[in-house]
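Presented below is the structure to which this report refers.
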Amino acid sequence: MDSGKALYGLLKAIQFQECAVFCAMSEGLKLTVEEGKCVQASAYVPADNFTEYHVREDVDVMFKPQSVHNVMTDCEISTQTADSVLELRDEDASEVAKLVLKASAFLGLLVDLERSCDVMELNLSPDHPNVSIVTYGMQDRSCIEVPKSSDMMQSFSCEQAVSLKYQLPHIRLIMKALAISSKVVLRCSSNGLLLLQLKLEKDDQRQMFSEFHIVPLLDDY
Amino acid sequence: MKCHVPGPNVKVLGRTIHALARFGDELYLESLPDSILLRTLNAAESAYAMIKFNKNFFSHFNYNFYSTEDNEGLKCKISMKSALNAFKSPTHMDKQVENLEIKLDPESSKLIFQLKCKHGIVKTYYVSILDCKAMQAVYTKDLVPNRIISSPRILSEALGNFQISDDQVTLEATNQSLILRNYVDANIDLTKIIRTQISLKPSEFDSYTIGDETTITFTLKEFRALLAFTEALNLPLQLHFETTGRPAVFIVHNGTTFEAHFVLATSKPDSATQASTQNSSRTDKKRKEVNNPVGSAKKKPHLDIDISKCLDEDSHLFNYIDIPEEMDLRPIKVTIDGNSGDKANDPEENMNFDIPGSPTSRIKIKSVFKRCFENTFDPRSIERIVLAENSDSD
């Protein structure tokens with residue numbers, strides 16, 4: 001691999017847990033971290049990012065995603081037996097909405113959300129305004145509305161209105177990754193699971209990805 | 001009330017809110033037929049700020065949008081935190097925000113800020129109204145003998161020399177010069193602090209009129225906030241003040257669209273010359289008295305009395321808690337009370353001879369209450385504490 005810089009940035013962005021599951025596949029590397037079975041983040045590095053890439057056997061190992069590179073350093077990372085990775089995706093659940101957004105603009109919206117809030121409500125609808133993010137503070141309510149005609153929205157598809165609630169601290173976990181990414185795909189499945197796929201473009205035109213699965217908050221009713 | 005603020009003015013409004021947030025925790029909004037007033041008062045009631053935005057600050061202004069019969073204008077109080085939330089980063093606001101709509105419905109319990117941003121994004125903040133009362137301070141800004149007009153840069157550069165830990169500044173205004181120095185609390189160890197003094201020549205200012213040479217002390221935190229605000233808007237700052245105990249009024253306006261008044265309570269500086277008078281204890285009361293000269297009127301009726309008194313007699317608050325006659329009978333130590341060096345180096349004596357009823361700071365208040373548990377308990381001291389509390393309980 002030419003430079004570890006981009007990889008380091010990507011790993012930093014998903015480093016909210018001590019341990020990651022490292023999975024080497026013939027297509028590329030995948031590192032996964034989980035937070036309390038609610039958020040799952042993966043960094044995916046396609047094989048073409050590496051100048052040399054060989055996978056001998058398909059084993060899962062576990063290691064700490066710390067400083068990974070250095071020019072002439074042999075970095076030995078002790079591995080542990082991998083825990084099984086939670087399969088958050090439900091094959092039966094269909095996708096109800098898919099949005100493609102500019103990562104920087106989406107980050108700008110998230111930064112503006114009130115810090116004291118715990119819950120974020122995401123409303124998606126085929127009607128105007130297509131996206132609205134509502135946060136409930138101590139006494140106040142604030143609402144951000146984005147129509148699909150907005151510059152930051154590169155594609156929008158949503159057949160029927162959905163309203164989902166997420167833990168705001170969970171949403172905040174993606175902010176670091178958003179900061180280094182160029183584009184984000186946001187998918188909602190019918191069971192409420194939010195999937196964010198972020199694309200990171202490197203200087204050499206190659207791409208790396210990160211992926212976040214976020215479990216929704218269920219209403220009390 | 002419904003009004004629209006165009007993009008560039010949103011930045012000004014944002015800066016205003018941020019400046020007001022340095023003063024108080026609550027924001028009072030009042031809409032009048034031709035303007036909107038924003039006011040705040042700090043918790044100690046020693047600093048007050050009022051900013052008036054005229055009709056032409058807005059691109060659309062409808063004071064009676066909901067066509068109520070009540071002609072009094074709408075008033076509301078909101079939490080400063082909520083207001084800040086709507087104006088997170090005023091420096092970038094003009095680039096993102098195209099238009100801001102402020103709506104206040106007399107029936108509703110929410111004040112609505114709706115920001116229309118670039119990319120078609122609309123941000124709406126529904127801010128809870130805490131109260132429907134207005135608050136106003138009584139102060140005189142005209143007819144005062146001392147007036148200075150200055151560019152805020154001169155003053156903020158001067159303040160840059162002060163320590164961050166300094167919390168009060170003393171302004172000594174004479175016809176020859178304006179001296180700024182950090183106020184040194186009487187019971188701080190003099191070996192541990194830095195005294196700063198800056199002298200500014202009248203020629204440095206745009207206008208300099210001192211009709212009555214005086215020395216005033218006021219809080220630095222709010223002064224810094226209002227200077228930062230003035231500097232950001234690049235407008236001259238007018239300083240109107242009388243004498244110790246009367247509020248100092250800072251005025252910023254751009255002529256047509258808005259006018260800001262910042263009122264800071266002043267108190268007497270600590271210096272040996274003043275302390276040698278019979279009312280030596282005055283200097284000691286600074287911290288407590290500072291709370292009073294500026295008061296809120298409508299909100300707290302009983303304060304009205306204080307204010308009117310304040311206007312009738314010069315700094316009545318000092319006289320009000322003035323120490324009874326036996327003051328003079330006490331040891332010499334008392335008369336040099338204001339001399340901070342003496343006291344600071346001698347905490348033991350401080351305990352025994354200090355004037356009980358007029359603490360300079362919280363540290364001292366503690367020591368006063370401690371006296372109640374000591375053998376040398378003096379019932380008079382209790383009396384004075386009560387007096388002091390009465391004046392402060394508002």
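Couple of notes before you dig in:
- Reduced Cα scattering model of the range A:95-214, Debye log10 I(q)/I(0), q = 0.09 Å⁻¹: -0.23
- Entries in B:Lys81/B:Lys192; A:Lys37/A:Lys148; A:Lys176/B:Lys118; A:Lys5/A:Lys165; A:Lys5/A:Lys148 that, when Cα-Cα distance is taken, lie over 25 Å: B:Lys81/B:Lys192; A:Lys37/A:Lys148; A:Lys5/A:Lys165; A:Lys5/A:Lys148
- Label-to-label distance, nm, for residues given as B:Asn254 and A:Phe50 (7 Å Cα→Cβ offset): 6.0 nm
- The calculated FRET efficiency for the pair B:Ile149 and B:Asp94, based on their C-beta separation and a Förster distance of 25 Å, comes to about 0.35.
- The HN-Hα couplings worked out from phi for the range B:182-191 by the Karplus form 6.51 cos²θ - 1.76 cosθ + 1.60 (θ = phi - 60°) are 6, 7, 9, 4, 5, 10, 9, 5, 5, 6 Hz, whole numbers, x standing for Gly and Pro.
- Integer Hz, Karplus 6.51/-1.76/1.60 couplings in order for the range B:257-264, x for Gly and Pro: 9, 8, 9, 10, 10, 10, 10, 10
- Difference of contour (0.36 nm per residue) and Cα-Cα distance, B:Lys141 to B:Lys201: 19.3 nm
- Accessible area that becomes buried as B packs against A, both chains, 1.4 Å probe, Å², nearest 100: 1400 Å²
- Surface calculation, 1.4 Å probe, protein heavy atoms: B:Tyr139 sits at approximately 50 Å² accessible.
- Working note: Karplus 6.51/-1.76/1.60 with θ = phi - 60° gives the range A:193-202 the couplings 5, 9, 10, 10, 10, 10, 10, 10, 9, 8 Hz, where Gly and Pro are set to x.
- With a 1.4 Å probe rolled over the protein heavy atoms of all chains, the accessible area of B:Asp131, A:Asp203 falls in the order A:Asp203, B:Asp131, largest first.
- The stretch between A:Ser104 and A:Asp203, if pulled fully straight at 0.36 nm per residue, gains 33.9 nm over its current Cα-Cα span.
- Cβ-Cβ distance of B:Leu32 and A:Val119, R₀ of 25 Å, FRET efficiency by 1/(1 + (r/R0)^6): the value works out to about 0.05.
- Summarising the label geometry, the points placed 7 Å from Cα in the beta-carbon direction at A:Ser155 and B:Asn175 lie 8.1 nm from one another.
- Ligands, DNA and RNA are left out, and with a 1.4 angstrom probe the accessible area of the range B:2-128 is 39 Å² per residue.
The values are calculated or read from the model by the stated rules, or taken from the named source; none is laboratory data. Predicted model only: the values in this text are computed from it and were never measured. Reconstructed Cβ throughout: ideal geometry from the backbone, glycine too, with neighbour counts over all protein chains shown. The protein model used for the area step is the full one, side chains on, heavy atoms only, and it has no ligands, DNA or RNA in it. Shrake-Rupley method; radii C 1.70, N 1.55, O 1.52, S 1.80 Å.
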